[in-house]
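Below is one structure, written out as structure tokens; the observations come after it.
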Amino acid sequence: MNATLLDRLRTELDDRRVTTGLRRDLVVSGAQGPTLGVDGETLASFASNDYLGLAGDPEVLDSARRALRDQGLGVAAGRVLCGTRAIHSELEAGIAELVGAEDAVLHNSCFDANLGVFDALLGPDDAVLSDALNHASLVDGIRLTRARRRVFAHADLDELERRLDECADARHRLIVTDGVFSMDGDVAALPQLCELARHYDAALMVDDSHATGVLGATGAGTAEHFGLEGRIDVLTGTLGKALGGGAGGFVAGPRAVVETLRQVSRPYIFTNAMAPPLAVAALTAIRVARRRPELRERLASSTAWLRGALRDLGYEVLPGEHPIIPVMLRGGTLARDVAAALRRDGVLAFALSYPVVPQGEERIRVQVSAAHTAGQLELAAAAFGRARAVLAHP
Ligand SMILES: *Cc1c(COP(=O)(O)O)cnc(C)c1O
């Protein structure tokens, strides 16, 4: 063992323990659902990304069980060798249909998809323009390309325009944004981004992980939300949130984009293919999501109700319509204290503080699901109501 390395890591861990504290993952028992078992207690969960409640859908789970029985668990090979099964292609077709793209290619996660996409599509003569609040996987994927990289302040279209000008000599300019940003729950200004992309002859890439299945009348995502179907050149998304919460990611878009990724995306080629039961479950989730628009309607009405209830209690709630509800509890340990009070009242929602969000923008992120009952929504509101006492005597 190398003492120099271990010494350095121990010192850094000690520092971290003092400054930010060490993260300890919560251990949850039982299946994902609107309630979770934690430390022998049952908590109403407002902390998962299971927006449509499909992680617990009987049809989704039955399809996975049947696939496990008939096709086994894993394939022990990459897609490009003998790992591809019919279900992989069927799922890709189902994803393309859901998001309204010509084609789609599976990856084992959206993190993987974002790691592969930039290096596959761009070269040293190109430029990437990335929103400052883009997801970590986009940041890392962009690190892996040889293209020029420019970051613009979150949603700052003027700065984006300056960066586009700066990179006027690039062969391609690719604008990259999350469709929905996970900390603020705000939706990217797609109409303006499409307009800038058109004006500057730039390509547009959207990571719609928090929007696929959620936004738009048919769940196609951010583009459908704005009536801008067909305007996104490269779309990435996850199967691990609204679409059953299993695992998997994808890149969808014009055939040439998707086929290029099949040829060269390293996290597509050099890794094991998705386990068939996961692929079957995701395809079932997509079908249920399309067939049951009432899930999105219920999600929207539950979200609107809880946003209103929290505002009526006097909380500062960042505006928006997305089921991510940021409840701002600025400064010190207020957000953490309120989250602890909620937990004592049987409600699970996480406090986010620096470095996940800037100092002074501490908050609790509440995430609504179509699976929440009226009683669970009321329980959350009541717990936030009682937590006002923490605000009065912090
Ligand atoms: C959750 C998320 C990811 C990661 O998705 P996985 O499939 O879990 O790897 C990527 N991008 C965004 C914007 C996300 O919200």
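Relative to 2.2 N^0.38 Å, what does the C-alpha radius of gyration of the stretch 58-291 come to as a ratio? Two decimals please. Present the calculation step by step, with values, prior to reporting the outcome.
Values: Rg = 17.3 Å, N = 234, 2.2 N^0.38 = 17.5 Å.
That works out to 0.99 for the stretch 58-291.
Express the Stokes-Einstein translational diffusion coefficient of the chain in µm² s⁻¹, to the nearest whole number, given a Kirkwood radius over alpha-carbon pairs, 10 °C and a viscosity of 1.306 mPa s. The estimated diffusion coefficient comes to 72 µm²/s. Just how far, in whole angstrom, is the stretch 110-142 from the stretch 20-86 if you go by their alpha carbon centroids? Cα centroid of the stretch 20-86 versus Cα centroid of the stretch 110-142: 27 Å apart.
Applying 0.36 nm per residue to the separation of Arg344 and Leu13 and subtracting their alpha-carbon distance, the gain on full extension is 116.2 nm. Centre-to-centre, using Cα atoms only, the stretch 246-281 and the stretch 204-221 are separated by 18 Å. Calculation over all alpha carbon pairs of the stretch 314-392 in 5 angstrom steps from 0 returns a P(r) of 3, 16, 27, 27, 18, 7, 2 percent. Across Arg79, Arg198, Arg266, mean-square fluctuation computed from a Gaussian network of the chain (C-alpha pairs under 10 Å connected) peaks at Arg198. With 0.36 nm allotted per residue and the present C-alpha distance subtracted, the Ala217-Asp169 stretch has 13.3 nm of extension available. Between Pro124, Pro293, Pro34, the residue with the greatest mean-square fluctuation in the GNM of the chain (Cα pairs under 10 Å linked by springs) is Pro124. Which is farthest toward the positive dipole end of the stretch 58-291 among Ala132, Pro58, Thr236, measuring Cα position about the Cα centre, with Cβ charges +1 (Lys, Arg) and -1 (Asp, Glu)? Ranked along the dipole, the leading option is Pro58. A 1.4 Å probe run over the chain, with the rest of the protein chains in place, finds 46 Å² accessible per residue. Put simply, the amide H of Ile325, placed in the peptide plane, has neighbours under 5 Å in Val366, Gln367, Val368, leaving out anything fewer than 5 places away on its chain. Under 5 Å between amide hydrogens, built in the peptide plane, is the criterion, and for His135 it picks out Asp178 among residues at least 5 positions away or on other chains. Each of Ile325, Gln367, Ala349 was placed along the dipole of the stretch 322-388 (beta-carbon charges, centred on the mean Cα), and the one lying farthest toward the positive end is Ala349. Pair-distance distribution P(r) for the stretch 1-93, from all Cα-Cα distances in 5 Å bins starting at 0: 2, 9, 10, 12, 11, 11, 12, 12, 11, 8, 1 percent. For an R0 of 35 angstrom, estimate the FRET efficiency from the Cβ-Cβ distance between Leu26 and Leu144 and round to the nearest 0.05. For Leu26 and Leu144, the calculated efficiency is 0.65. Helical runs assigned H by DSSP (4 residues or longer) give the chain a calculated mean residue ellipticity at 222 nm of -13000 deg cm²/dmol, each run adding -39500 (n - 2.57) before division by the residue total.
Here the chain has 52 percent of its accessible surface on carbon and sulfur atoms, given a 1.4 Å probe and all protein chains in place. With a simple spin-label model that places each label point 7 Å from the Cα along the Cα-to-Cβ direction, the separation between Arg388 and Glu294 comes to 3.5 nm.
On a 1.4 Å probe surface of the protein chains, which of Met183, Met1, Met205 comes out largest in accessible area, and what is the full order? It would help to have the intermediate numbers written out before the result.
Values: Met183 50, Met1 215, Met205 0 Å².
Final ranking, largest accessible area leading: Met1, Met183, Met205.
The values are calculated or read from the model by the stated rules, or taken from the named source; none is laboratory data. What you see is a predicted model, and the numbers here were worked out from it, not measured in a lab. Glycine gets a Cβ as well: all are built from the backbone with ideal geometry, and neighbour counts include every protein chain shown. Just the protein is used for accessible areas: all its heavy atoms, side chains included, with ligands, DNA and RNA removed. Shrake-Rupley method; radii C 1.70, N 1.55, O 1.52, S 1.80 Å.
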